[in-house]
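Following: one structure in C-alpha cells, then a few remarks.
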Amino acid sequence: MRLLTPLGFTLALATVACAGGGDETDRIGASQPPQRIISLIPSATETIVALGAAHRFVARTDFDVDPVLAHLPSLGEGLTPSLEQLTLLEPDLVVAWPDNASRSVIGRLEDFGVRIYSPQVQRLAELREATLELGRILGLEEAADSLLNAIDTGLSSVRDAVAGRERASVFYIVWYDPPTTTGSGTFIDELIELAGGRNVFADAPGLWPQVSMEEVVRRQPDIILISQTESTPIDLERFNSAVGWRELRAVRERRVVPLDANLYNRPGPRVAEAARELANLLHPGAFTAKTVR
C-alpha cells in the first residue's frame, strides 16, 4: 500500500523542511519593497497572503490552494521552475527553496539582479523569524507583528486547554513505505507536544527519520496520524490487512486519522489552526467557549 508517489514524498518533506544556509538578509539587500513576487514555497506563499500582499504575486505553483491566487499562471510543482517562465514574469522577488535542484535556476536569476529569499524553517521559532523577515522585505512590519500576535494567542489557547491532561502517544506519518515520521526539532513535533500529545519517535535520530515497522509495532502508539492531500487519498480499511500495521492496537481500534497535509505540513500562518485541530483529536472536549480564542 502506498499513500504518496515518490515525487509526493519529496514535496511533503520539502514542504515541512525548508532548511538551508547563508545570510539571506545580506543577499536580499535594502531596496524598495518588491511589487512582483513569485514564491515557490507554499508555506511562504501563505504567509505573504496573510500579510496582505496577495496582490503582489505574478504566479503561483500547483500546490498553492488559496482561491485568491487561482487566477495566476502556475509554474508547476515549484521545485525545478523554468528560467524562461520566471524571467518572462519579471519578478523583483523570488522566494525559493534553499537547497534543491532549482538552485542553478535561482543562481542565474541572481545574476540578472533578481532578489532571492530562501527561508530556513524547521521549528516554530524559525517560522517567527521568517515571518518577521518577510514583513521587513515587503515593507509590512506591522502586519507581520499582528500575524505573529494572532499565532501566539492561538497557540497559547491550545496550550492552556490541554494543560494537565494525560498525553497520548502519537505516530505522525509523512510517508508510508518505508515508514517515515517526524523527529525532535521539527515544528510538527512541537505542535504534537503543544496539543497535549507525545511524539512516539521524538528520540529517533534526524528530523524526518525512517523507522522500521517492527519498531512501530514495539512502541504501539495510541493514535496514528497520516498526512494526505486530495491527490493522495487514503484507504484506511487497507491498514486492517497490511503486514505489520494490523498488529497495531491503534489500527484495530480504528484510531488512524487522515490529516490535511496542506494544513499540517506547512510551517506558516495556520500553525495555530493545526494545533487546535490536533488538540481536539487528542483530547475531545478540551476546548470550551472560554478556552477557544
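The values are calculated or read from the model by the stated rules, or taken from the named source; none is laboratory data. The structure presented is a predicted model; accordingly, all values stated were derived computationally and were not measured. Every residue, glycine among them, receives a Cβ derived from its backbone with ideal geometry; neighbour counts consider all protein chains shown. Please note that ligands, DNA and RNA were not included when accessible areas were found on the heavy atoms of the full protein model with its side chains. Shrake-Rupley method; radii C 1.70, N 1.55, O 1.52, S 1.80 Å.
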Considering every pair of different Cα atoms, what Kirkwood radius, in Å, is found for region 57-149?
14.5
Accessible surface ranking that places the most exposed of 219, 252 first, with a 1.4 angstrom probe
252, 219
Could you report the accessible area of residue 256 in Å², rounded to 10, computed with a 1.4 Å probe on the protein chains as they sit in the structure?
20
Can you list residues whose amide H is under 5 Å from residue 61's amide H, if they're 5+ apart or on another chain and H is modeled 1.01 Å from N?
75
Can you give me the solvent accessible area of residue 287 with a 1.4 Å probe, rounded to the nearest 10 Å²?
30
Which GluC sites (Glu not before Pro) in region 185-264 pass both tests, a DSSP loop state and at most 11 other beta-carbon atoms within 10 Å?
230, 253
Computed label-point distance, nm, for sites residue 71 and residue 160 using a 7 Å Cα→Cβ extension:
4.0
Over region 158-236, average the accessible area per residue using a 1.4 Å probe and give it in Å², no decimals.
41
For region 165-210, what relative contact order do you get, as a whole percent, if you take Cα pairs closer than 8 Å and at least 6 residues apart?
45
Whole-Hz Karplus couplings 3J(HN,Hα) for region 250-267, θ = phi - 60° and coefficients 6.51, -1.76, 1.60, Gly and Pro as x, run 4, 6, 4, 9, 6, 10, 10, 10, x, 10, 6, 4, 5, 8, 7, 9, 10, x
